[in-house]
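Remarks on the structure that follows.
The values are calculated or read from the model by the stated rules, or taken from the named source; none is laboratory data. Worth saying up front: this structure is predicted, and the values here are computed from it rather than measured. Neighbour counts run over all protein chains shown; Cβ positions are idealised from the backbone, glycine included. These area figures cover heavy atoms from the full protein model, side chains too; ligands, DNA and RNA do not enter into them. Shrake-Rupley method; radii C 1.70, N 1.55, O 1.52, S 1.80 Å.
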Amino acid sequence: MSDTIKGDPSVVPTGVGRAGWVDQLARRRQPGPSRIGHVNDAPLRALHEATRAVHSGSFDDPSTGAVGTPIYQTSTFILGEEQYRAVEEGYARDRFIYTRYGNPSQWAVQEKLAALEGAESALVFASGMAAISASVLAMLDKGAHIVASDELYGGTYNLFHHDLPSLGFTVSYVSPRDIAAVQAAVRPNTMLLYFEAMTNPLLKVVDVAALAEVARGSGARLMIDATFVTPLGCRPLELGADMVVHSCTKYLNGHSDLVAGVALGSRKLMDMVWPRLLAFGGCLDPHACFLLERGLKTLAVRMRAHQEGALKVAEFLSGHPRVRKTLYPGLASHPDHQLARRTLRNTGGMVSFNVASDAQALALLQRLHLMREATSLGGVETLISLPFNTSHAAFTAAQRARLGIEPGCVRLSVGIEHPDDLIADLDAALTAMPEA
Ligand SMILES: *Cc1c(COP(=O)(O)O)cnc(C)c1O
């Protein structure tokens, strides 16, 4: 062991268990740390996503033979010549030095996420917002202009409406359904197009390929927040996007027990984001990496169950006399159903519906027994919330109406419970609800 420490502390003895992981880094300098894997990752990437979800990135501990990535609960790493050289020569991202810079627990889950998204490289963050703020700022030069969706997650809305202008950036907002308007909003100094693959709460589906074409023609980069669709719904990088961000808090972890984020793209772009991760400090704790990696292993089965349950619940709701409107991209009645069929392999677990009024929606929530009244989404348990007093509470009723959020709007994140139990819970509460 002392020999190892004198040489390169990143070099793990390979006598036990599978060879190759940390010790192969030097040879894998191109394209860098995202490419590590417990076996050569390239053949794994040719396998089905359910298989990648289980195996990619996971690291069987060579010193004990333990199956699965150990939790590297450390803030720092022993410095050797190689580490000093890495700092000096500018490849510190490829060596373990300090956990804000990189940690084996982060690298393992980054590799799994990159394999699922079909990305060259990934960086995990302490939250979705940490990933979004670091990634967006990494893509902008002084005085840059951004074209963004007029329907953004609340945290992103605040970043774009308050923080970016105060830093001298300008933002134009356009409907994600209007590609001509996106094109028209582009200026000579436009550096970034920013959209969400599926919007909240109306579940509008965005045509990523069409946006990528606008980006290509204008020399701007396209960043997609794919939280609502997951890599099992669509992989925006394959459709021409330059970068993808996710709140891993939602489907990717899937158990409502941690907050995390990820940014994915080429090694070159992630090398631009990494200094912002260091500067803004939103690094993901090793224990949270372990939980996220564990959650990801079941992503494929969970997403299948979310989609199945959501479709059944949406079909039930759309036939219920007390429900005025139901929105689910997997339903033929959804305005983007054809686009969803063309571009999404999984339409996810989010369903929105309208009862007669916000007051009636509040009465509905009080009569549910199984569904939890909570914000957030993508967990194994069904969550229900009302946009008017949660995600869109800062908007006036008129602003909500302009976005298409009508009174009585209810948002469901359908979990993986048996859909019949969810339907029974909803049916009883809808029937017991007072008149509007
Ligand atoms: C939740 C969410 C975020 C923010 O993620 P955090 O992990 O809460 O920081 C960003 N975008 C979308 C679409 C989200 O749903």
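The table below lists the values:
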read-out: Some residue of region 63-86 being more than 16 Å from the ligand (Cβ to nearest atom), within 30 Å of Tyr194 (Cα to Cα) and open to solvent by less than 20 Å² (accessible area, probe 1.4 Å); value: no
read-out: Test set (1) open to solvent by 70 Å² or more (accessible area, probe 1.4 Å); (2) assigned to a loop (DSSP other than H, G, I, E, B); (3) farther than 28 Å from Val259 by Cβ - Val323 fails condition number; value: (1)
read-out: Among the candidates Arg322, Arg345, Arg341, residue that is within 30 Å of Ala108 (Cβ to Cβ) and either of a type in the set (D, E, K, R) or assigned by TED's automatic domain parsing to the domain that holds Thr199 (or both); value: Arg345
read-out: Residues within region 42-62 that are in a loop (DSSP other than H, G, I, E, B), open to solvent by 20 Å² or more (accessible area, probe 1.4 Å) and under 14 Å from Glu293 (Cα atoms), tallied; value: 1
read-out: Cβ pairs under 6 Å, 6+ apart, first in region 125-141 and outside the structural domain of Ile224 (by TED's automatic domain parsing), second more than 8 Å from the ligand (Cβ to nearest atom) and not in a helix (DSSP H, G or I); value: none
read-out: Qualifying positions in region 126-161 - open to solvent by 20 Å² or more (accessible area, probe 1.4 Å) and away from the ligand (no atom under 16 Å from the Cβ); value: Asp141, Lys142, Gly143
read-out: Region 260-297, subset acidic (Asp, Glu) and surrounded by fewer than 23 Cβ atoms within 10 Å (Cβ to Cβ), residue nearest to the ligand (Cβ to nearest atom); value: Asp285
